[in-house]
Each structure stands twice: as C-alpha cells, then as structure tokens.
Amino acid sequence: MLKDIEKVYYSEEDLHNIVVRLGKQISEDYKDKNLLLVSVLKGSIMFMADLMRQITVPCEIDFMCVSSYQSGTTSSGAVRIIKDLDINLEGKDVLIVEDILDSGRTLGYLKSVLMTRNPRSFRICTLLDKPERRVVPDLFADYSGAEVPDEFAAGYGLDYDEKYRNPPYIGNLKREVYSE
Ligand code: PRP
C-alpha cells in the first residue's frame, strides 16, 4: 500500500466484484442496442478499462475530457470541454462512464451538451456516488457501483492534486498529505 494511504475502502477484489456486477447488468440491458461508452477523463480511466472488459455485447468507446472552473477550492459550476468526442452521437445509446458523481455539475453540463447531439438514449454509470452532495436536481446514476459518504477518496483513477491515481484500490489519504 502507498505510504500516504491511511485506510483502504475498496480493495482490488471489492472493485472487481463491483465491476463484474455492473458489466453483467449493462450487457443484459444493452442487448440489441447501439452502445457507446463515453469515458470522462481522467478519473474514469481504470474503471472504463475494467468495465469494458466485462461487457459482452458489441460497443464502441470514446473519450471526453472536461475541467471545472475553480475559484479557490470551490467549483463555480461552469465546465470547460478540453477534449470533445470523435464519434457522432446520432442514433447511439450513450452510456457515460464516470469514477465519481458528486455535485453533479460535470455530468449536468455534459448531459445538456450531449443531448443536443441526438443520441438514441443517454444513461450514466458511475463507480462511486455521493447522492447527498448533489446540487443539480434530477441528476442520478442509472448504474452505480457504490454509494459513498462525503469523505476524500483516492486511487483507482481518483486523484488528489493529480497524484494517487495509480493504486488499484480506493482509500483515504492521511490527513498530513492534504493539510501540508
Ligand atoms: C471528478 C470526477 C467527475 C467530477 C465529479 O473529476 O471524475 O468528473 O469530478 O464531480 P461533480 O459531480 O461535483 O461535478 P475532476 O474534475 O476531479 O477531474 P479528473 O477526472 O481529471 O480527476
């Protein structure tokens, strides 16, 4: 375990079990559909790579990279597209793949942008969900790996200050790391 991680919330095995469950459910629901998995970079990279291996129906993949405008440590809610999709969404069954759904601002914005491109359907799959933090009304995950409390988590793609994305588990950081 990395020395800066205090406690592991989800081990590699826990995450594998979650991803297998989601993959099965998605494979069942998207039989005879036109599935396009859209990974929102960068946090979803590991989840996307593992989830797509558990999906047994044909699918395409694409990537989007967005960034929140920050004022100090709080997000203003405005989101900027850094890398847009390459694939035309017309007629596609879009499934967004996210590592965490928090305030909902990122996906609220993405949904409003992507819905103008006429996908056949639009759903959200998130590994972690913090429903109590939601500020965007009516934004929910269609597929959710686990509901988590409002504690800081890192690993398996999730970062703190762009680091700690590499451990294959999710844990919380020692207090001294983020109070330095
Ligand atoms: C994280 C996460 C989501 C977003 C969720 O991304 O990957 O995209 O925050 O928060 P929200 O629901 O409050 O909008 P972040 O901006 O940290 O970028 P990253 O994916 O590159 O880590």
Over the chain, what is the relative contact order in whole percent, taking alpha-carbon pairs under 8 Å and six or more residues apart? 25 percent
Surface per residue (accessible, 1.4 Å probe) for the stretch 83-143, Å²: 46 Å²
How large is the Kirkwood hydrodynamic radius of the chain, counting all unique pairs of alpha carbons, in Å? 16.8 Å
If amide hydrogens are placed 1.01 Å from N in the peptide plane, which non-local residues have theirs closer than 5 Å to the one on Tyr156? Tyr169
Just for the chain, what percent of DSSP beta bridges are antiparallel, to the closest 5? 35 percent
Name the residues whose placed amide hydrogens come within less than 5 Å of the amide hydrogen of Leu41, ignoring near sequence neighbours (fewer than 5 apart) on the same chain. Met64, Cys65, Val66
Over 27 Å (Cα to Cα) among Lys42/Lys111; Lys24/Lys83; Lys3/Lys24; Lys111/Lys174 -> Lys24/Lys83; Lys3/Lys24; Lys111/Lys174
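What fraction of the DSSP beta bridges in the stretch 50-137 is antiparallel, stated in percent and rounded to the nearest 5?
45 percent
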What is the Cα centroid distance between the stretch 7-75 and the stretch 77-104, reported in whole angstrom? 12 Å
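Rounded, prolate or oblate: which fits the stretch 76-130, taking a ≥ b ≥ c as square roots of the Cα gyration tensor eigenvalues, rounded meaning a/c under 1.5, else prolate when a/b beats b/c? Intermediate values should be presented prior to the final figure.
On the way: a/c = 2.02, a/b = 1.38, b/c = 1.47.
Note, shape of the stretch 76-130 comes out oblate.
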Share of carbon and sulfur in the accessible heavy-atom surface of the stretch 55-180 [1.4 Å probe, %]: 48 percent
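The values are calculated or read from the model by the stated rules, or taken from the named source; none is laboratory data. Bear in mind the structure is a predicted one, so any value in this text is a computation, not a measurement. For the accessible areas, the whole protein counts, side chains as well, though only heavy atoms, and no ligand, DNA or RNA atoms are used. Shrake-Rupley method; radii C 1.70, N 1.55, O 1.52, S 1.80 Å.
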